[in-house]
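To start, the structure under review is shown below, and the notes come after it.
None of the figures in this text is laboratory data; all of them are computed from the coordinates on show. Everything numeric in this text was worked out from a predicted model, so none of it was measured. Cβ coordinates were reconstructed from backbone atoms using ideal geometry, including for glycine residues, and neighbour counts include every protein chain displayed.
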Amino acid sequence: MIPPALTIAYQRTALKHLECLRHCRQAEKGYAIILMVALFLLSGCNHKELVYPEQLCLVNVRFNWEKAEGADPKGMTLLFYPQDEHGEFWRFEIPGRNGGPVELTQGRYSLIAVNNDLPGIMLTDLPYSEASLTALEALRSVKYTVPTGMPYVGIVEPLDVYPGAVSYPSQSDGAFDTSTVVCPPDSAATIFNLSVEEIEGLERVRTVDAVLEGCAEGVRLPTLSPIGSDVSTLFELDINTSGNRASGATSGFLNDPASAAYSVTLRFHYYAGGGYEKKFDVTQQVLNSPRVHNVYLNINGLSLPQEPADDPNEVGLKVDVDGWSVLQIDINS
């Protein structure tokens, strides 16, 4: 015979189980109602569809350096400008000179590739109508710009991107597979090599500076047409006393040949203090250079003015050569 106390306990436990089952059934009914409402809303809104992200297409970008032999940039910036009305702009950074894979949505693009290892150039990528390369101003003076170095620009357009495939006008030129686009970068600026020969009195000179004037401030992408006002670049020349010569190089963007005017100003700084400068027109040398991106400028036969006289009563510098001007040198320079 079961004791009365245990019988009461069993009854209470059974009641609790029954109560728990009742609540579970009510919860199941509630979940079922919520699920039915959700399905009704989804099926009832015929004008709204689920939105999934667009499929990304893999594109292998490779570079053909035949137009710029010897180029070895540290990296390249890829700019994909959409030609479709609702297309999206894409920008990628790729290390090295070989290229690599990128992913972007299907569509028609204009691809512009520019090397990204030039501290003297600012790249403006948006909007497309204002995409450009611009020479930066030197920190020590707003009068001069920093030498640009050599930017390399490659253009492929139109470029059609599909899942697993690309299509562009020069696709037959060395494409590795159906998803590879071959981009041919070319030089977009000019290296100016300056050589000053047969300098009489060079042994009295401590340093020689040169100022190249007449380059464009920048170029527009992708036409590479010059933009902005004329700029000047200051650079130092190496002195060869035994050879009576000084030489150096700088870089910049060529200007419109129809209106271009280039000049070089030489500045000689003497050991005894002070100095002289002289300006030379080099427009024809630039315009008639056989190599557009590698110009050689030559100045021959200079006779430097004498140093200041030792007479303390004589003030200033004697300019005894026509065309020379006195160069005032700040002690901080």
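With both labels modelled 7 Å from their Cα along Cα-to-Cβ, the Asp125 to Lys279 distance reads 4.1 nm.
How high is the relative contact order of the range 137-228? Use alpha-carbon pairs under 8 Å, at least six apart in sequence, and give a whole percent. Across the range 137-228, relative contact order equals 21 percent. Residues whose amide H lies under 5 Å from that of Gln106, counting only those 5 or more places away or on a different chain, are Cys57; hydrogens are built 1.01 Å from N in the peptide plane. Rounded to 0.05, the FRET efficiency of the Ser242 and Val326 pair, given R0 = 35 Å and the Cβ-Cβ distance, is 0.80.
How high is the FRET efficiency between Val292 and Ala261 when r is their beta carbon distance and R₀ equals 25 Å, given to the nearest 0.05? List each step's numbers first, then the result.
Values: r = 17 Å, r/R0 = 0.69.
That gives a FRET efficiency of 0.90.
Over the Cα atoms of the range 212-292, each weighted equally, I'd like the Debye log10 I(q)/I(0) at q = 0.12, 0.16, 0.17, 0.24 Å⁻¹, rounded to two decimals. Per q value, in the given order, log10 I(q)/I(0) is -0.44, -0.72, -0.79, -1.24.
Let me know the Kirkwood hydrodynamic radius for the range 56-187, please, with Cα pairs as the basis and the value in Å to one decimal.
After inverting the pairwise mean of 1/r, the radius is 15.5 Å.
Taking all Cα pairs closer than 8 Å and separated by 6 or more residues, the relative contact order of the range 56-187 comes to 31 percent.
The local environment of Leu78, defined by Cβ-Cβ distances under 11 Å, has a net charge of -1 under the rule Lys, Arg +1 and Asp, Glu -1.
In the range 190-326, Rg over Rh equals 1.05, where Rg is the alpha-carbon radius of gyration and Rh the Kirkwood radius from pairwise Cα distances.
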